[in-house]
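Q: Take this structure first; my questions come after.
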Amino acid sequence: MKCTTVLLIKNEEENVPPLTADILDVYKEFNIDGEVLLVDDGSTDRTPAVCDELVAKNERVRVVHHGVNKGRSYAIRTGFLEAKGDVVIIMDGDRQYEPKQIPQFLAKIDEGYDVVTGWRHQRTDTFIRKFISKVYNKRIIQKRFGLNVKDQNSGFKAFRREKAVAMDFNPDGYKGLHRFILPLASLKGLKIAEIPIVHYARPSGKSYIKFYTVPFITLGDFSKFKKDHKEEMKAMRSRKDQGPR
C-alpha cells in the first residue's frame, strides 16, 4: 500500500466524516493506493461512534480507539505503528488542512526525502499563537538544531513508515514530544523537506491548546530532549563546526 493518512482526533464528530470522504476522493482522483487510519484519542463526544460508522461503510478506513486521552504524541506513535502504507501522512482531524495536497507530499517523498513537513505560510491562528510559534522555530528549531524549517509544529506531515518506526518516537516522560519530532528525525539521519501548505480556519469544534502553558511545557521537554540525545546533539554540533568537506 502506498499511503496511510492518519487523522489525529479528539472530539471532532462533525469534522471526521467530511474529512475522511475528502481524503478518499483524493485517493480515487489521483489513483493512490491508500487508507485512512482514524486515531481517536479518548474522545468524549460522538466521535468514537462516528469513526466506527465510517469503518463499517468503507474497507479503506480503519480506527484505533484510545480509551482515554493520551495526547497528540501518543496518537502519532499509534499511527506510525498501525499504518499499512509505505508512507504515513499525519493530519489533524480539525479540517484546517487541505487533503488535495496529499499528492504533493507523496511526490516529495518520491524525490528521496524521508520526511516532508507542511509550512503554514498564511496561518489562520491567533496572533499570540503565531508569535509563539515564530519564536520557537527561530530560537530552538533553527538556531539550536540547525534545521532549515519554518513550521515544526504544522499538523500536516509525511514520513517513510519504516524510517518513522525506526527513529524510536517514544513519548514516555514527555508532555509533548511531537514538538521535537523534526529534530528527532534529523538526529536520526532522516532527510527532511518542507513545502508550503494551505491553512484554513477551523469549521467546527474547538482547539484544546492553551497558548499560556505551551511555552513552559515545551521548555521542560526541551531540557529532557537535550539530556536524552546529548551525544547525538554533540555529534551534530561537531559536524556543523567542521563545515562541509
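Q: I'd like to check something: does the range 54-68 contain any residue that is part of a loop (DSSP other than H, G, I, E, B), under 22 Å from Leu177 (Cα atoms) and either under 18 Å from the mean Cα position of the chain (by Cα) or touching a residue at least 60 places away in the same chain (Cβ under 8 Å) (or both)? If you could, list the steps in order and put the result at the bottom.
A: Of the residues in the range 54-68, the ones part of a loop (DSSP other than H, G, I, E, B) are 58-60, 67-68.
Those left that are additionally under 22 Å from Leu177 (Cα atoms): 67-68.
Narrowing the set further to residues that are either under 18 Å from the mean Cα position of the chain (by Cα) or touching a residue at least 60 places away in the same chain (Cβ under 8 Å) (or both) leaves none.
No - not one qualifying residue is present in the range 54-68.
Q: Restricting to the range 14-70, name every residue that is more than 21 Å from Gln96 (Cα to Cα), surrounded by 15 or more Cβ atoms within 10 Å (Cβ to Cβ) and among the aliphatic types (A, V, I, L, M).
A: Ile32, Val55, Val64
Q: I need the full set of residues from the range 23-45 which are without any contact (Cβ under 8 Å) to a residue 60 or more places away in the chain and among the β-branched types (Val, Ile, Thr), in order please.
A: Val36, Val39, Thr44
Q: Okay, next question. For the range 233-243, state whether one or more residues are surrounded by 13 or more Cβ atoms within 10 Å (Cβ to Cβ), aliphatic (A, V, I, L, M) and modelled with pLDDT under 95.
A: Within the range 233-243, one or more residues are surrounded by 13 or more Cβ atoms within 10 Å (Cβ to Cβ), aliphatic (A, V, I, L, M) and modelled with pLDDT under 95.
Q: Out of all the residues in the range 126-150, which are aromatic (Phe, Trp, Tyr), touching a helix residue (DSSP H, G or I) at 6+ places or on another chain (Cβ under 8 Å) and more than 14 Å from Val214 (Cβ to Cβ)?
A: Initially, the range 126-150 is screened for residues aromatic (Phe, Trp, Tyr), giving 127, 131, 136, 145.
Checking which are touching a helix residue (DSSP H, G or I) at 6+ places or on another chain (Cβ under 8 Å) leaves us with 136, 145.
Residue satisfying the conditions is Phe145 alone.
Q: Can you list residue pairs whose Cβ atoms sit under 6 Å apart, with the first residue in the range 10-22 being assigned to a loop (DSSP other than H, G, I, E, B) and the second being buried (at least 17 other Cβ atoms within 10 Å of the Cβ) and polar (S, T, N, Q)? Count only pairs 6 or more apart in sequence or on different chains.
A: Qualifying pairs under 6 Å: Lys10/Ser43; Asn11/Ser43; Asn11/Thr47; Glu12/Thr47; Glu13/Thr47.
Q: Looking at this structure, is Tyr174 closer than 29 Å to Thr47 by Cα, at pLDDT 95 or above, aromatic (Phe, Trp, Tyr) and over 15 Å from the mean Cα position of the chain (by Cα)?
A: Judged against the criteria, Tyr174 is a match.
Q: I need the full set of residues from the range 59-118 which are under 23 Å from Asp25 (Cβ atoms) and small (Gly, Ala, Ser), in order please.
A: Result: Gly79, Ala83, Gly85, Gly93, Ala107, Gly118.
Q: How do the helices (runs of 4 or more DSSP H) wholly within the range 134-235 filter down when requiring 3 or more residues that are over 23 Å from Tyr113 (Cβ atoms) and without any contact (Cβ under 8 Å) to a residue 24 or more places away in the chain: which remain? Give the derivation first.
A: Working: elements: 161-166, 181-187, 214-228.
The qualifying helices (runs of 4 or more DSSP H) are 214-228.
Q: Between a residue in the range 92-103 that is aromatic (Phe, Trp, Tyr) and any residue that is in a strand (DSSP E or B), which pairs come within a Cβ distance under 7 Å, given they are 6 or more apart or on different chains?
A: As it stands, the answer is Tyr97/Met91; Tyr97/Phe156; Tyr97/Ile197, since those pairs meet every condition given.
Q: Return yes or no: is Thr78 touching a Leu at 6+ places or on another chain (Cβ under 8 Å), among the β-branched types (Val, Ile, Thr), crowded, with 18+ Cβ neighbours inside 10 Å and in a helix (DSSP H, G or I)? Walk me through how you get there before you give the answer.
A: Details: touching a Leu at 6+ places or on another chain (Cβ under 8 Å): no; among the β-branched types (Val, Ile, Thr): yes; crowded, with 18+ Cβ neighbours inside 10 Å: yes; in a helix (DSSP H, G or I): yes.
Spelling it out, it is not the case that Thr78 is touching a Leu at 6+ places or on another chain (Cβ under 8 Å), among the β-branched types (Val, Ile, Thr), crowded, with 18+ Cβ neighbours inside 10 Å and in a helix (DSSP H, G or I).
The values are calculated or read from the model by the stated rules, or taken from the named source; none is laboratory data. Predicted, not measured: the structure shown is a model, and the values here were computed from it. A quick note on method: Cβ atoms are made from the backbone with ideal geometry, for glycine too, and the neighbour counts reach across all protein chains shown.
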